[in-house]
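Asks: Please read through the structure below; I'll follow up with questions.
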Amino acid sequence: MGKLNVTMLRYLNKDDFRVLTAIEMGMKNHELVPASLAAQIANLRHGGVHKLLQELCKHRLLSYERGKHYDGYRLTNAGYDYLALKVLAARGIVASFGSQIGVGKESNIYVVANDDGTPLVLKLHRLGRTCFRNIKGKRDYFQHRRSSSWLYLSRISATREFAYMKALEERGFPVAKPIDFNRHCVIMELVDGGPLCNVHEVEDVEGLYDDLMNLIVRLGNYGVIHGDFNEFNIMITNEGKPIVIDFPQMVSTEHLNAELYFDRDVTCIRDFFKRRFGYESEMFPTFKDLSREDCMDVEIKASGLTRQMEKDLLLEMGMDSEKSDDGDEEKEEAEDNDDDDDNDKDDKFEDAVTKQDTEDIDKLRLEVDELCEAGFGPNSKNQIIKAEEQLSKLSIESKNHKIQKEENSVDNSSSEETDDVPELISSNNQTYDRDFSESKSVRSYTSTSTIDPSVIKSRTKEALVRRNKKGSCRRVLVKGEASATSRSRRESRDTIKQSTGIWGWE
């Protein structure tokens with residue numbers, strides 16, 4: 001994480017940046033990106049990815065790490081800087097690179113210039129330094145994640161700071177004008193002045209103190225608290241006007257510890273003026289003095305806000321966006337209700353059909369029972385056989401109807417890939433034991449059903465596609481590289497051969 005050397009930036013071609021981008025994309029779900037995966041993502045026409053990886057490692061834009069089970073490439077801070085600078089240079093924002101003018105616990109500051117030669121400030125976020133690694137306790141960048149790379153957290157920090165600066169600049173706050181950003185880099189205008197910590201004499205101490213306190217209160221009235229309002233994050237222009245910088249730690253006034261952060265900002269300014277200028281005033285603002293004038297914290301999604309808090313604030317301020325949101329929600333609910341009504345109609349129709357089939361089956365069964373009880377006459381045998389055929393036919397039709405209904409429900413939920421097969425309707429065996437004249441007769445009524453062949457064909461096809469897809473995802477080693485396990489075994493064999501004198505082998 002030393003100083004940035006941009007000498008190699010002019011010598012890299014588009015293939016080099018393509019490989020760097022491939023490693024960046026692979027690091028979304030890989031801590032170490034295998035060379036085979038980088039080659040697949042880069043997809044260079046003539047190959048040669050392995051050689052490019054070695055060259056980039058040579059210039060410390062990539063880092064090759066290997067262990068007992070895994071080995072691969074990792075994007076370094078310099079490589080991430082090159083990717084961002086390449087985009088900013090293509091946009092015409094950065095044309096020349098100057099010297100370093102500041103170092104913080106989570107950022108590096110450089111002077112750059114655009115195509116017109118106008119000096120600008122380039123801020124590179126550098127989360128992950130030893131002095132500032134308690135990100136979970138001080139920031140809410142992780143959210144629902146358990147862990148994440150420092151490069152990604154730096155990108156989130158830069159994105160938030162640019163959003164804060166943009167919103168504050170639109171509302172007339174004295175901040176450096178934001179120009180552009182990419183990944184973990186933020187471009188802003190160069191303030192013609194110096195930090196307050198380097199100022200030892202001020203013409204109007206009382207006026208500067210009042211300006212800073214009014215600025216803290218104004219920020220609170222707009223719904224945000226700086227969180228790190230001290231002499232290191234306040235620039236003083238040549239005219240003696242304060243300019244506020246460094247906003248990644250900004251929180252909402254609805255935060256659980258908002259009063260603590262507000263009092264800390266006020267205390268930092270009071271202690272500095274007492275220590276540096278010997279000025280101490282009994283007039284200072286408190287958190288209770290704030291009166292909300294705007295919902296800037298809702299606009300920039302400041303830390304400490306929940307969705308319910310955002311809705312309550314918008315309702316309190318009478319924002320029109322809440323009405324439009326309610327209108328959209330009502331439309332969605334109406335569409336959902338229409339779908340539910342259609343489904344209810346279909347269900348009622350199917351229930352009616354099923355009920356009619358059930359009634360017909362019950363009637364036929366009663367006829368069969370009556371014939372059996374009446375005795376075994378000359379025409380009763382034929383009537384029983386006909387009744388049995390009609391009963392079997394209706395049973396099969398009703399059960400096929402149920403199977404078709406289940407298959408339709410499975411097809412409607414095809415977005416979720418499942419290997420479950422609907423249960424087959426078990427055959428119902430009904431045995432009638434009746435006395436016919438002098439003999440005893442036993443008859444059984446059975447019905448069977450099968451799945452539609454087209455359904456079986458489609459499921460078999462899906463299973464074959466999944467099997468082929470699973471087989472194509474096997475890892476392919478790039479030529480010239482061995483797996484970590486094979487390499488460790490070979491090294492162990494060499495160690496044993498070299499230590500034959502110790503073990504007494506010849």
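Asks: Quote the FRET efficiency, to the nearest 0.05, computed for Tyr11 versus Glu282 with a Förster distance R0 of 60 Å and r equal to the Cβ-Cβ distance.
Replies: My answer for the efficiency is 0.45.
Asks: Then there's this: So, R0 is 22 Å and r is the distance between the beta-carbons of Met317 and Asn257; what FRET efficiency does that work out to, to 0.05?
Replies: Efficiency for this residue pair is about 0.40.
Asks: Quickly work out the Asn43-to-Glu293 label distance, labels modelled 7 Å from Cα along the C-beta direction, and quote it in nm with one decimal.
Replies: Label at Glu293, label at Asn43, 5.3 nm between them.
Asks: Between Lys51 and Ser458, what FRET efficiency follows from the Cβ-Cβ distance if R0 is 56 Å, with the result rounded to 0.05?
Replies: E(calc), rounded to 0.05, equals 0.75.
Asks: Additional query: Once Lys and Arg get +1 and Asp and Glu get -1 on their Cβ, which of Gly26, His50, Asn13 lies farthest toward the positive end of the dipole of segment 1-67?
Replies: Final value for the positive-end residue is Asn13.
Asks: Then there is this: Distance cut-off 30 Å, Cα to Cα: go down the list Lys105/Lys166; Lys3/Lys166; Lys51/Lys105; Lys51/Lys461 and report the pairs above it.
Replies: As for pairs spanning more than 30 Å Cα to Cα, those are Lys51/Lys105; Lys51/Lys461.
Asks: Obtain the nm distance between the two label points defined at Asp210 and Lys470 by a simple spin-label model: each point lies 7 Å from its Cα along the Cα-to-C-beta direction.
Replies: 7.7
Asks: To continue, here is another question. Can you tell me which of 72-78, 113-119 comes out highest on packing, and rank the rest after it, using the mean Cβ neighbours within 10 Å?
Replies: Sorting 72-78, 113-119 by mean packing, highest first, produces 72-78, 113-119.
Any read-out appearing in this document is the output of simple, stated calculations on the displayed coordinates, not a laboratory observation. The structure presented is a predicted model; accordingly, all values stated were derived computationally and were not measured. Cβ coordinates were reconstructed from backbone atoms using ideal geometry, including for glycine residues, and neighbour counts include every protein chain displayed.
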